[in-house]
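Encoded as structure tokens, the structure appears first; notes follow it.
The values are calculated or read from the model by the stated rules, or taken from the named source; none is laboratory data. Being a predicted model, the structure only gives us computed values, none of them experimental. In this analysis, Cβ positions are derived from the backbone assuming ideal geometry, glycine residues included, and neighbour counts consider all displayed protein chains.
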């Protein structure tokens, strides 16, 4: 793989198991002049595992703005830079947005190097609808959390959150209020030794009696309770009119042209009307 100057490579790294890294990502890191990372102490463990020795520059939310001028200078000197986070795909609830936007402003190409993500990993084993919204870390204060969940509860899609494990009971209590009727998957230590997936109906989910470490990925199922109720009376009236002129099959097809509901439901209604008519 030929790496180009004046490019920023946004490299996904493992979320736990250090072997979960792509060959392309390894090649990019090996050929980078500088690797920007959140915590050099954590990133050095990965690089040592991969037998890669490169200059590391700490780049996190507290120094990101201050770093920008110096980083752009490195690009102007023809250096090849990569950006990694402590784990997973950078910029997803991780620093880097300011840098990416600065690169775009300076006509520096930003290239993604795909890989591990706790978001898609948890979603892929949830069994929930794959039309989803990712929120990131939930608010820590009660009032703000109430406001956020009140808005999100109106949305029918599957939703993915991050939360510190030591506050999980705080969030479960709120989920029971705002996401009643849905299912939940709590993913703990994905790809690590003590990996666990807790699945339950939110209404039945009990509070945890003991605390554990790390960050959790939480997936809340789509809302099946908000499906549009069928206006049965309106459909029955249409069926009665259509059956005077058309066959049962044609009547079903005509109803389906205007009503966005299940074909079997329409057929059963039409059949019911037809049978009543014949008696």
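Here are some notes:
- Scanning the stretch 246-257 turns up no residue that is modelled with pLDDT under 90 and under 30 Å from residue 150 (Cβ atoms).
- The set of residues from the stretch 128-172 being at negative phi and assigned to a strand (DSSP E or B) comprises 132, 133, 134, 135, 137, 158, 159, 160, 161, 162, 163, 164.
- Only residues that are surrounded by fewer than 16 Cβ atoms within 10 Å (Cβ to Cβ) and over 27 Å from residue 156 (Cα atoms) were counted in the stretch 237-267, giving 11.
- Of the residues making up the stretch 162-181, those that are more than 21 Å from residue 210 (Cα to Cα) and in contact with a helix residue (DSSP H, G or I) (Cβ under 8 Å, 6 or more places away or on another chain) are 177, 178, 179.
- Just one of (1) surrounded by 11 or more Cβ atoms within 10 Å (Cβ to Cβ); (2) over 19 Å from residue 126 (Cα atoms) fails for residue 202. It is (2).
- Residues that are assigned to a helix (DSSP H, G or I) and surrounded by fewer than 18 Cβ atoms within 10 Å (Cβ to Cβ) were ranked within the stretch 97-106; the one that is nearest to the chain's Cα centre (by Cα) is 97.
- Meets criteria (over 22 Å from residue 140 (Cα atoms), modelled with pLDDT of 90 or more and under 26 Å from the mean Cα position of the chain (by Cα)) for residue 173: no
- Single residue of the stretch 107-137 satisfying the filter (over 23 Å from residue 224 (Cα atoms) and touching a helix residue (DSSP H, G or I) at 6+ places or on another chain (Cβ under 6 Å)) that is surrounded by the fewest Cβ atoms within 10 Å (Cβ to Cβ): 110
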